[in-house]
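Data block below; observations after.
The values are calculated or read from the model by the stated rules, or taken from the named source; none is laboratory data. Owing to the predicted nature of the structure, the values given are computational and were not obtained by experimental measurement. Positions of Cβ are backbone-derived with ideal geometry, glycine not excepted, and every protein chain shown enters the neighbour counts.
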């Protein structure tokens, strides 16, 4: 009497995940030689600055405005958080433009490009809500000026920049969670499809090769 094993949903999910992203791709120990180019560094710098943003922002959220405004160590972590955001956007813009001119959607990498672009778009309101959550005159000025833009766009009643509680919730929970989820998906897609290679540059023969003195003549002779 043979007993047939039922296929559980956990096994199906595991097999599908391993089939889509094998361990040798998820945790690759080798990369193509062209990854050594400086243009590929900015993606890693974006991830590094995002990690500093999350760490410093978590400390600021636990301590509160009174700590980051009136203590020396609070000023330090507030500055770390601010400049890591500045660095994040600086390197991410370079990363986006570099991949745009490399046509990073080639080779079935359309989803990689789309998730990276959406991450940049979602990070903008995440930074805006942080500026208006500072609890100082700078935040008041930004919020009162930016609310007119929100009202003109027709979303002022849903996205009220003068509501500190709403902006703080967006900044410390909803929008960062969306950015992190998009970044994780983006990195997994890069692991699945691989890093986009540079364009193939056609090799031109020198005039000397037509006389039999160039490298092409040596190869044919050999």
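Some points to look at:
- Among (1) within 20 Å of residue 178 (Cα to Cα); (2) in the same structural domain as residue 40 (by TED's automatic domain parsing); (3) touching a residue at least 40 places away in the same chain (Cβ under 8 Å), the one test that residue 119 misses: (2)
- Residue in segment 71-87 that is outside any helix (DSSP H, G or I), without any contact (Cβ under 8 Å) to a residue 60 or more places away in the chain, touching a helix residue (DSSP H, G or I) at 6+ places or on another chain (Cβ under 9 Å) and assigned by TED's automatic domain parsing to the domain that holds residue 47 present: yes
- Test: residue in segment 39-56 that is part of a helix (DSSP H, G or I), at pLDDT below 90 and over 19 Å from residue 189 (Cβ atoms): no
- Residue check, residue 77 surrounded by 16 or more Cβ atoms within 10 Å (Cβ to Cβ) and within 27 Å of residue 192 (Cα to Cα): no
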